[in-house]
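What follows is a set of notes on a single structure, which appears directly below.
The values are calculated or read from the model by the stated rules, or taken from the named source; none is laboratory data. Just so we're clear, the structure is a prediction, and the values are computed from it rather than from any experiment. Note that each Cβ is placed from the backbone with ideal geometry, even for glycine, and that neighbours are counted across all protein chains shown.
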């Protein structure tokens, strides 16, 4: 996983609650195993009925095209567990999402891919949103995970909380599977215990095929 | 100490605590589908990591499969690469696949319980947000993304933060033509689309106890639409009778041993929950969504709400939904003309769902101009329905009768509506564009969907049924 330390760039305001992963990464008619994640991001929301770009959609506005930080409302990433809703952000250079809250599976998918999910309390979020709108893409914000601060135009630095272990995982770009594999012996021990305590859990045989 | 059922299952499956404070929870049964698995297979191959427990891992083809009779890999051209990659990955890794032509193919959340692959008190994971459908048999299930899927394949555990515990107590009996779908929609309306975020939810109460297993699965299926991490129901005799003799359950003496344990799977009487919610179902009428998220729900006799009467935090979303859905406040739901009706998906595609719908359809015709589809949740459900003559009821009425799969739930297989169409659907998400570009989805029960197909307009199944007698 790519480590996350600090990113500086334009912050784009997408000020809706409950944006779901069908909106972020829609299932398109033509698809294959190698998908164009860059084109997938907000594919429908970015377009008008005739297929042309909608100039009013925030990420289509010239000042937000190179956004690194997306700022949004409550419950971002609700719905389907599709990880393409994170990959399509990264493919467009978005490395931070600042929200009032995240849907749980989406937040986990962010952590797995080095996309930083920042949660701000409602008041702090509203203050930050006002600054992002005022900046209008003309001046950059910096999100620093090591100091847990957002800095930029229009006000003082904003502190954010993130569980220490998740912070370390992102800063060091730790391989999540690698972390768990350190516990291989305990997993094997659990399997042995379960085989005695609830033997049916450790076997999933098709009784019609038993020899 | 008094413990909830969640605590009992979680604590048993807790292998270790990782350095980052997460619990490693052993996954007893892992079921993959073709839309996400190929990424994980590719990742494992690249990293040279083997699958730890192929014998506890199963796979289905469901999201991208065509529903057209006589289908093959290429009937849905955009699905064929996924279907073939799944077949290849399962063969290389020794995973049992219920392939496109398997007599037991179907939607993962339908197939796993009907074969007895999931069990009470077992943990279960699927790279799909509706994983907790199988909570209906008392399993603790988690939806996950693709990276977590690779993690489970390699380690057979998930690294999870322990959720809080919620109990949703459902009292009162359900009225005629009111089912678990209506109850679930009302719960989502009451607690909201993020109301259970951070919680594992136990559904309990008298209304749950009389629900057949298939309805319990419908209830648990929709748990994610409240943002819940998992949703489940304590198993009881109804569960054990339903599971007995299914092919993958323990047999003979092993069954007896399991049964003794399963009977202990209840929340202790004084166990504390972090949040409790209660709903009286006795007066509940059929429910239907009017908007573009599953909490925008009214009773079937209701009207599109007046935004002034809504909580201020929900007004902006409502105004947006009116535009997308082509509705104005104050319009009664009953009577709205529809173009399409879909009966199927992991929410409502099991045999009793189809029986409820067929009961209404029998001897009637789908209204002129309405495209109506029934897609059974598994090939086994389809066979059983055909043995009971349900396919003939639906086809005689003018319904399309399809091969099993996810179909119009997310449109991943090409089954989609046309722009501007209004669709009553037994699925789980009424999000914008989910069933096709600009399709206007109303979520409802199989009975409401069937009555609507016949009327050509949103209809109250109770009235249609009364008209017959």
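Please tell me if residue B:403 is at pLDDT 95 or above, surrounded by fewer than 23 Cβ atoms within 10 Å (Cβ to Cβ), over 26 Å from residue B:186 (Cα atoms) and touching a helix residue (DSSP H, G or I) at 6+ places or on another chain (Cβ under 6 Å). Criteria not met by residue B:403. If you go through the stretch B:371-424 and keep only what is in contact with a strand residue (DSSP E or B) (Cβ under 6 Å, 6 or more places away or on another chain) and within 14 Å of chain A (Cβ to nearest Cβ), you end up with B:408, B:417. Counting the residues of the stretch A:76-93 that are more than 12 Å from the chain's Cα centre (by Cα) and either farther than 21 Å from residue A:7 by Cβ or not assigned by TED's automatic domain parsing to the domain that holds residue A:129 (or both) gives 2.
Restricted to the stretch A:13-106, the set of helices (runs of 4 or more DSSP H) holding at least 2 residues that are crowded, with 19+ Cβ neighbours inside 10 Å comprises A:21-24, A:84-91.
Screening A:193, A:208 for residues that are in a helix (DSSP H, G or I), facing another protein chain (nearest Cβ under 9 Å), within 30 Å of residue B:114 (Cα to Cα) and out of contact with any helix residue (DSSP H, G or I) (no Cβ under 8 Å at 6 or more places or on another chain) leaves exactly one candidate, A:208. Per this entry, residue B:231 is not counted among residues that are touching a strand residue (DSSP E or B) at 6+ places or on another chain (Cβ under 6 Å), within 14 Å of chain A (Cβ to nearest Cβ) and without any contact (Cβ under 8 Å) to a residue 60 or more places away in the chain. Do you know which residues across the stretch B:151-168 are closer than 19 Å to residue B:93 by Cβ and either without any contact (Cβ under 8 Å) to a residue 40 or more places away in the chain or at the interface with chain A (Cβ under 7 Å from one of its Cβ atoms) (or both)? Result: B:151, B:154, B:155, B:156, B:157. Pick from B:313, B:267: which is touching a helix residue (DSSP H, G or I) at 6+ places or on another chain (Cβ under 7 Å) and either more than 11 Å from every other protein chain (Cβ to nearest Cβ) or at negative phi (or both)? Only one candidate passes the filter, namely B:267. From the list B:57, B:67, the lone residue that is over 25 Å from residue A:206 (Cβ atoms) and either surrounded by fewer than 18 Cβ atoms within 10 Å (Cβ to Cβ) or touching a strand residue (DSSP E or B) at 6+ places or on another chain (Cβ under 9 Å) (or both) is B:67. Candidates B:53, B:49: the one that is within 11 Å of chain A (Cβ to nearest Cβ), in contact with a helix residue (DSSP H, G or I) (Cβ under 8 Å, 6 or more places away or on another chain) and under 18 Å from residue B:148 (Cβ atoms) is B:49. Residues in the stretch A:88-110 that are within 20 Å of residue B:126 (Cβ to Cβ) and at the interface with chain B (Cβ under 9 Å from one of its Cβ atoms): A:103, A:104, A:105, A:106, A:108, A:109.
Selection over the stretch A:111-170 of residues that are within 16 Å of residue A:71 (Cα to Cα), in contact (Cβ under 8 Å) with a residue 24 or more places away in the chain and in a helix (DSSP H, G or I) gives a count of 10.
Against the list (1) in a helix (DSSP H, G or I); (2) farther than 30 Å from residue A:79 by Cα, the condition residue B:380 fails is (2). Restricting B:317, B:308 to those that are modelled with pLDDT under 95 and either more than 20 Å from residue B:227 (Cα to Cα) or outside the structural domain of residue B:421 (by TED's automatic domain parsing) (or both) reduces the list to B:308. For the stretch A:159-177, give me each residue that is surrounded by 12 or more Cβ atoms within 10 Å (Cβ to Cβ) and within 9 Å of chain B (Cβ to nearest Cβ). Within the stretch A:159-177, A:163, A:165, A:166, A:168, A:169, A:174, A:175, A:176, A:177 meet the criteria. When A:112, A:202 are checked against the criterion of being more than 16 Å from the chain's Cα centre (by Cα) and either buried (at least 20 other Cβ atoms within 10 Å of the Cβ) or within 30 Å of residue A:81 (Cα to Cα) (or both), A:202 stands alone in meeting it. For residue A:130, indicate whether it is out of contact with any strand residue (DSSP E or B) (no Cβ under 8 Å at 6 or more places or on another chain), more than 30 Å from residue B:146 (Cα to Cα) and more than 8 Å from chain B (Cβ to nearest Cβ). Here the answer is yes, as residue A:130 does meet what is asked. Looking across B:30, B:38, one residue alone is assigned by TED's automatic domain parsing to the domain that holds residue B:87, under 24 Å from residue B:88 (Cα atoms), buried (at least 18 other Cβ atoms within 10 Å of the Cβ) and touching a strand residue (DSSP E or B) at 6+ places or on another chain (Cβ under 6 Å). It is B:30. When the stretch B:379-388 is limited to residues that are within 15 Å of residue B:356 (Cβ to Cβ) and without any contact (Cβ under 8 Å) to a residue 40 or more places away in the chain, the one that is surrounded by the fewest Cβ atoms within 10 Å (Cβ to Cβ) turns out to be B:388.
Table: residues versus (1) in contact (Cβ under 8 Å) with a residue 40 or more places away in the chain; (2) within 10 Å of another protein chain (Cβ to nearest Cβ); (3) over 22 Å from residue B:40 (Cα atoms).
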| site | (1), (2), (3) |
| --- | --- |
| A:4 | yes, no, yes |
| A:24 | yes, no, no |
| A:51 | no, no, yes |
| A:58 | yes, no, yes |
| A:64 | yes, no, yes |
| A:79 | yes, yes, no |
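Going through B:87, B:96 one at a time, which residue ends up being within 30 Å of residue B:213 (Cβ to Cβ) and at pLDDT 95 or above? Criteria check complete, one pass: B:96. No other residue among B:81, B:42, B:37 is within 21 Å of the chain's Cα centre (by Cα) and either under 23 Å from residue A:33 (Cα atoms) or at pLDDT below 95 (or both) apart from B:37. Taken residue by residue, the stretch B:96-112 has no member that is touching a strand residue (DSSP E or B) at 6+ places or on another chain (Cβ under 8 Å), more than 10 Å from chain A (Cβ to nearest Cβ) and under 29 Å from residue A:174 (Cβ atoms).
Yes/no matrix, rows are residues, columns are (1) modelled with pLDDT of 95 or more; (2) outside the structural domain of residue A:118 (by TED's automatic domain parsing); (3) at positive phi; (4) loosely packed, with under 13 Cβ neighbours inside 10 Å:
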site	(1), (2), (3), (4)
A:146	yes, no, no, yes
A:151	yes, no, no, no
A:157	yes, no, no, yes
A:179	no, yes, no, no
A:185	yes, yes, no, yes
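Counting only residues that are buried (at least 24 other Cβ atoms within 10 Å of the Cβ) and more than 14 Å from chain A (Cβ to nearest Cβ), the stretch B:170-206 holds 13 of them.
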